[in-house]
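The block underneath contains the structure these notes are about, expressed in C-alpha cells.
Each reported figure results from applying straightforward, stated rules to the coordinates on display, with no laboratory input. These numbers come from a predicted model, not from an experiment. Heads up, the Cβs are rebuilt from the backbone with ideal geometry, glycines too, and the neighbour counts pull from every protein chain shown.
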Amino acid sequence: MTVLVINSGSSSIKYQLVNPESGESIASGLVERIGEETSHLEHDYNGETTELNQPIADHGEGLRLVIDMFNDVGPKLADAGVQAVGHRVVQGGNHFSKAAIIDDEVQALIEELAPLAPLHNPANLKGIEVARELFDVPNVAVFDTAFFQSLPNESATYALDRETAEKYQIRRYGAHGTSHMFVSQKVSDILGRDDLKQIVLHLGNGASVSAVKNGKAVDTSMGLTPLEGLVMGTRTGDIDPAAVFHLARVGGMSIDEIDTLFNKKSGMKGLAGDNDMRNVNELAGKGDENAIEALEVYVHRLLHYIGAYSAVMGGLDVITFTAGIGENDNSTRASVIKRLEPFGIKLDEEKNNTRSKEPRVISTEDSTVKVMVVPTNEELSIAQQAVALL
Ligand code: ADP
C-alpha cells in the first residue's frame, strides 16, 4: 500500500511515493520552473536520479510527465498499490481542523481561503486540479494549519478591533502544523506518555515553535501568516508592525516592497548576508561580526519563546529540535540549551555532538527537562493522515 504525496508550488511540484506503514520513501522527485523556457524534472528511484530538461507548460503537463517517469523508470504506479494522493495545503482557515477528502466542496473552500495565503493556496490548487483529473484514487488535502485549530482563543486572538478581525478573518492560524504534530506525537510515543508539556522547535529555512500540552497545540509562533515568530532564513519573524508605517511614511516604500523586504531579504540573510545556517556558522567561526550578532539574535528569539511557552503551559517536560537546523546544527542547539542551565536543563555534549538520523535524547540523565532531536517527516505524516481517512 502506498500514497503519492504532492506538494504543489506556484512553479513547482514536489512528490514522493510513500509507504505509510513502513515509512519507506519509495521514489521521489520534483518538477521545477514550470511555465519557463527551461523546465526541469528530476526523479529518484532505486538510488538513481533520472532527469528531464524540456519546456513544461503547466502543472497538468508536469504531472503527466511525472506519471510517465514512474511508468518508464519505475516503480510502475499501476503495480505500486497507490491508495490515495495526499496534497499539502498551506491554509485551511477555520474550516479544517484535520485532513479532508477532496470533493468539489472542499476544493471550493481551499479556493475561498486563497486571500489568506495568496502565494500558496492557488499553487496547491493547481496540483489538486490536475491530480483529481489524472488519478482514480481519493485525493486528500492535509492542511499546514489544521494542528493549530485547537489553539485556545487566548493564544489565537490578536488584540485587534473585533469587527475588523472578524471581517478579514485575522487570527493566529500557525503553519508547519504537520511537522509539529508528527514530531510531538513521536516524542509522546518514544517517552510513552500522553500527558507531556512539550516545546517543539521546527528550525528550517522557515522556522516556528509550538507549545503542545497533552497532545494538543496550545500556542505557536507563526500567526496570520508564516512571517511572525522566530528569526528565519529570510524572514524577520517578530517585528513591531509600526516598522511598516515608518518604512512607508518615512522610507517611501510600497506595501509590496515592504512585503518582499520582510519575507525575502531579512532574517539571517538580512543580518548576516546568508540564509544558509552552515554558512552563517562558518562566517561566525571566522570572526565575522554580523554573523556572530545574527546568531545571538537567533538564539535570543528562541529563548524568548521557550520562556513564554513554559509559562503558558505551567511547566515543561520536553524541548525537541527538528528540521534542517534543529536536526543537524549541534552548535545552535548547544547555544540555546546552555542558556537554560539555571533551570536545571542540561545538555549531554557527547550526545549532542553525535550525528544521527534517529530520534534521540541529548540531555543528561539528571536534566529537569528532556531535550530531544526528532527528525521530521512531513511526507510520511501526510501519507498517514490520508490513509487514516480512507
Ligand atoms: P525548509 O524545509 O524550510 O526549506 P529545511 O528543514 O530543509 O528547510 O532546513 C534548511 C536549513 O537547514 C538551511 O538553513 C540549512 O542551512 C540548514 N542546515 C542543514 N544542515 C545543516 C548543518 N549541518 N548545520 C547547520 N545548518 C544546517
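Can you list residues from other chains, or at least 5 along the same chain, whose modelled amide H is less than 5 Å from the amide H of Gly86?
Under 5 Å from the amide H of Gly86 lie the amide H atoms of Leu4, Val5, Ile6, Val140, each far enough along the sequence or on another chain.
When only alpha-carbon atoms are used, what values of Rg and Dmax, in angstrom, describe region 171-298?
Rg, Dmax (Cα atoms, Å): 17.0, 56.
Relative contact order, percent, of region 144-263 when contacts are C-alpha pairs under 8 Å separated by at least 6 residues? Intermediate results must be reported in sequence, preceding the final value.
Numbers: 187 pairs, mean separation 26.3, N = 120.
In percent, rounded to a whole number, it is 22.
What Kirkwood hydrodynamic radius do you get for region 132-204 when you take the inverse of the mean 1/r over all pairs of distinct Cα atoms, in Å?
Values: mean 1/r = 0.0663 Å⁻¹.
It is 15.1 Å.
Using a 7 Å offset from the Cα along the Cα-to-Cβ direction at both Ile255 and Asn328, what is the distance between the two label points in nm, to one decimal?
Placing both labels 7 Å beyond Cα along the Cβ direction yields 3.8 nm.
Does a label point 7 Å from the Cα of Asp366, set along Cα-to-beta-carbon, have any residues of region 297-320 with amide nitrogen under 15 Å, and which are they?
none
Rounded to two decimals, what ratio of Rg to Rh does region 198-263 give with C-alpha atoms and a Kirkwood Rh?
Details: Rg = 14.4 Å, Rh = 13.1 Å.
Checking Rg against Rh, the ratio lands at 1.10.
Evaluate the charge dipole of region 1-54 about its Cα centre and quote only its size in Debye, nearest 20, assuming +1 on the Cβ of each Lys and Arg and -1 on the Cβ of each Asp and Glu.
Numbers: 2 positive and 9 negative charges, 36 e Å.
Result for region 1-54 is approximately 180 debye, rounded to the nearest 20.
Determine ³J(HN,Hα), in whole Hz, for all residues of region 143-149 in sequence, where each value follows from phi through the Karplus function 6.51 cos²θ - 1.76 cosθ + 1.60 and θ = phi - 60°; x replaces Gly and Pro.
Ordered by residue, 3J(HN,Hα) equals 9, 5, 9, 4, 4, 9, 5 Hz.
What lysines sit close enough to Lys370 to cross-link, taking a C-alpha to C-alpha distance under 27 Å and skipping anything fewer than 8 places away on the same chain?
Correct list for Lys370: Lys186, Lys197, Lys213, Lys216, Lys338, Lys346, Lys351, Lys357.
For the chain, with a Gaussian network of springs between Cα atoms less than 10 Å apart, report the residue from Thr354, Thr320, Thr364 with the top mean-square fluctuation.
Greatest mean-square fluctuation among the candidates belongs to Thr354.
For Ile199, Ile170, what ranking results if the residue with the fewest other Cβ atoms within 10 Å of its Cβ goes first?
Working: Ile199 26, Ile170 16.
Taking fewest neighbouring Cβ atoms as first place, the list is Ile170, Ile199.
Please compute the length gained on full extension between Asn71 and Glu163, using 0.36 nm multiplied by the number of residues separating them and subtracting their Cα-Cα distance.
Working: separation 92, 0.36 × 92 = 33.12 nm, distance 5.39 nm.
Full extension of this stretch gives 27.7 nm more.
Assign one of three labels to region 231-310, namely rounded, prolate or oblate, based on the Cα gyration tensor with a ≥ b ≥ c the square roots of its eigenvalues; rounded applies when a/c is under 1.5, prolate when it is not and a/b is larger than b/c, and oblate otherwise. It would help to have the intermediate numbers written out before the result.
Numbers: a/c = 2.48, a/b = 1.40, b/c = 1.77.
The shape class here is oblate.
Read phi for every residue in region 344-356 and hand back ³J(HN,Hα) as whole Hz from Karplus 6.51 cos²θ - 1.76 cosθ + 1.60, θ = phi - 60°, with x for Gly and Pro.
For region 344-356, the Karplus curve yields x, 8, 10, 8, 8, 4, 5, 5, 5, 8, 7, 7, 7 Hz.
Calculate, for Asn53 and Asn214, the FRET efficiency according to 1/(1 + (r/R0)^6) with r their C-beta to C-beta distance and R0 51 Å; round to the nearest 0.05.
So the FRET efficiency works out to roughly 0.50.
Place a +1 charge on the Cβ of each Lys and Arg in region 236-300 and a -1 charge on the Cβ of each Asp and Glu, then give the dipole magnitude about the Cα centre in debye, rounded to the nearest 20. Can you show the working numbers first?
Details: 6 positive and 12 negative charges, 25 e Å.
Computed charge dipole of region 236-300: roughly 120 debye.
Return one number: the angle in degrees, 0 to 90 and rounded to the nearest 10, between the long axis of the Cα atoms of helix 177-191 and the longest principal axis of the Cα atoms of the chain.
Helix 177-191 sits at roughly 70 degrees to that axis.
Go from 0 up to the bin containing the longest alpha carbon distance in region 347-390, width 5 Å each, and give me the % of pairs per bin.
Cα pair-distance distribution for region 347-390, in percent: 5, 21, 18, 16, 11, 11, 10, 7, 2.
Which one, Gly93, Gly237, Gly344, has the greatest fluctuation when you compute a Gaussian network model over the chain with C-alpha springs under 10 angstrom?
Greatest mean-square fluctuation among the candidates belongs to Gly344.
Taking H placed 1.01 Å from N in the peptide plane, check which residues at least 5 places from Gly9 or on another chain put their amide H under 5 Å from its amide H.
HN-HN under 5 Å from Gly9: Lys14.
If you plug each phi of region 298-313 into the Karplus form 6.51 cos²θ - 1.76 cosθ + 1.60 with θ = phi - 60°, what whole-Hz ³J(HN,Hα) values come out, in order, with x for Gly and Pro?
Each residue's phi maps through the Karplus curve to give 4, 5, 4, 5, 5, 4, 3, 6, 5, x, 4, 6, 4, 5, 4, 8 Hz.
Rounded to the nearest 500, what is the chain's calculated 222 nm mean residue ellipticity when only DSSP H runs of at least 4 contribute -39500 (n - 2.57) each, over all residues? Display every interim value, and only then the final one.
Working: 15 runs with 153 residues, N = 390.
Rounded to the nearest 500, it is -11500 deg cm²/dmol.
Where does the Debye-calculated log10 I(q)/I(0) of the chain sit at q = 0.11 Å⁻¹, using only Cα point scatterers of equal weight, no solvent?
Calculated log10 I(q)/I(0) at the listed q: -0.85.
Amide H neighbours of Thr220 under 5 Å, at least 5 residues apart or on other chains, H built in the peptide plane: list them.
Placed amide hydrogens put Ala211 under 5 Å from Thr220.
For helix 121-134, report the angle its Cα long axis makes with the longest principal axis of the Cα atoms of the chain; keep it between 0 and 90° and round to the nearest 10°.
Tilt relative to the chain: about 30 degrees.
Where a ≥ b ≥ c are the square roots of the eigenvalues of the C-alpha gyration tensor, would you call region 261-368 rounded, which needs a/c under 1.5, or, failing that, prolate if a/b is larger than b/c, or oblate?
On the way: a/c = 1.99, a/b = 1.46, b/c = 1.36.
Prolate, because a/c is 1.5 or more and a/b exceeds b/c.
Taking 25 Å as R0, compute the FRET efficiency from the Cβ-Cβ separation of Glu154 and Leu119 and round it to 0.05. Walk me through the numbers on the way to the answer.
Values: r = 29 Å, r/R0 = 1.17.
Rounded to the nearest 0.05, the efficiency is 0.30.
Which FRET efficiency, nearest 0.05, do Arg64 and Asp103 yield, Cβ-Cβ r, R0 35 Å?
On the way: r = 23 Å, r/R0 = 0.66.
For Arg64 and Asp103, the calculated efficiency is 0.95.
Semi-axes of region 1-92's equivalent ellipsoid from the Cα gyration tensor, sqrt of 5 times each eigenvalue, largest first, rounded to whole Å?
Taking √(5λ) for each Cα gyration eigenvalue gives 21, 16, 10 Å.
Among the aspartates and glutamates, which fall within straight-line cross-link reach of Lys98, defined as a Cα-Cα distance under 13 Å, with same-chain neighbours fewer than 8 residues apart omitted?
Result set, ordered by chain and number: Asp144.
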